[in-house]
Amino acid sequence: MSIKAIETEYKGCRFRSRLEARWAVFFNALALRWHYEPEGYQIEHEGEIIRYLPDFKVESIGVVEVKGPPLKDMDKFKIEAFVGQSKESITVLSNIPSQDNPDKHKHLNCTYDENLKTVRWGTIDLREMTQQTPYALTAAISLAVDSALNTARSARFEHGEKG
């Protein structure tokens, strides 16, 4: 048995899954500009040609990939190849976390370490990546992100609604 994502329309975009549409709701709730699948790439990596189409390019965040957990080996391979060639970081967002999840703000991030000349995986905090200024986190930012998560989590597309 295989599970197939349900294509969903939101704000004039046809998303490949409801999860992607919910993250678009999150970006809108924070008034962040986003572009869905703006550009695909062909990457030569270890003698292979890899095609990669990132899900989003988001203002103040950069390249964003949406993947339901767990992250598959092929997806990880494509992300690492892209980061290694482009030197751009990618934030990997998975399910919209529940309000009571203690790690609700933590998501995967793949970056290029210029000193070590290698790709590294780590985590990024949604509150840090969505703030528009380089200043320390404030309670207002935390509340705004939590509110945006609630808005995204409550977005409903079950009956063909178009957000």
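Each reported figure results from applying straightforward, stated rules to the coordinates on display, with no laboratory input. Worth saying up front: this structure is predicted, and the values here are computed from it rather than measured. Glycine also receives a Cβ, built like all others from the backbone with ideal geometry; neighbour counts cover every protein chain displayed.
Roughly what % of Cα-Cα distances in the chain sit above 25 Å, to the whole percent? Intermediate values should be presented prior to the final figure.
Values: 4282 of 13203 pairs.
Summing the P(r) of the chain above 25 Å gives 32 percent of all pairs.
Going through the DSSP H helices of the chain, which span 18 Å or more along their own axis at the Cα atoms while scoring at least 0.5 as a mean Kyte-Doolittle hydropathy? Please list the in-between numbers first.
Details: long enough: 73-86 (19 Å, -0.36); 139-154 (22 Å, 0.67).
Length and hydropathy pass: 139-154.
Which of the residue pairs K57/K87; K57/K106; K76/K104; K4/K78; K67/K117 have a Cα-Cα distance greater than 23 Å in the structure shown? Spell out each step's value before the answer.
Values: K57/K87 15 Å; K57/K106 19 Å; K76/K104 21 Å; K4/K78 21 Å; K67/K117 26 Å.
In this structure, K67/K117 lie more than 23 Å apart at Cα.
Quick check on packing: order 87-98, 47-58, 23-34 by the mean number of other C-beta atoms within 10 Å, highest mean leading.
Working: 87-98: 17.9, 47-58: 15.8, 23-34: 19.6.
Ranking the peptides 87-98, 47-58, 23-34 by packing returns 23-34, 87-98, 47-58.
Roughly how many debye, to the nearest 20, is the charge dipole of the chain about its Cα centre, given +1 on each Lys and Arg Cβ, -1 on each Asp and Glu Cβ, and no other charges?
On the way: 22 positive and 24 negative charges, 84 e Å.
I would put it at about 400 debye.
Using mean Cβ contacts within 10 Å as the protection proxy, how do 61-67, 11-17 order, highest first?
Averaged packing, sorted descending, gives the order 61-67, 11-17.
If the only charges are +1 at each Lys and Arg Cβ and -1 at each Asp and Glu Cβ, what is the size of the charge dipole of region 1-92 around the Cα centre, to the nearest 20 debye?
Once rounded to the nearest 20, the dipole reads 400 debye.
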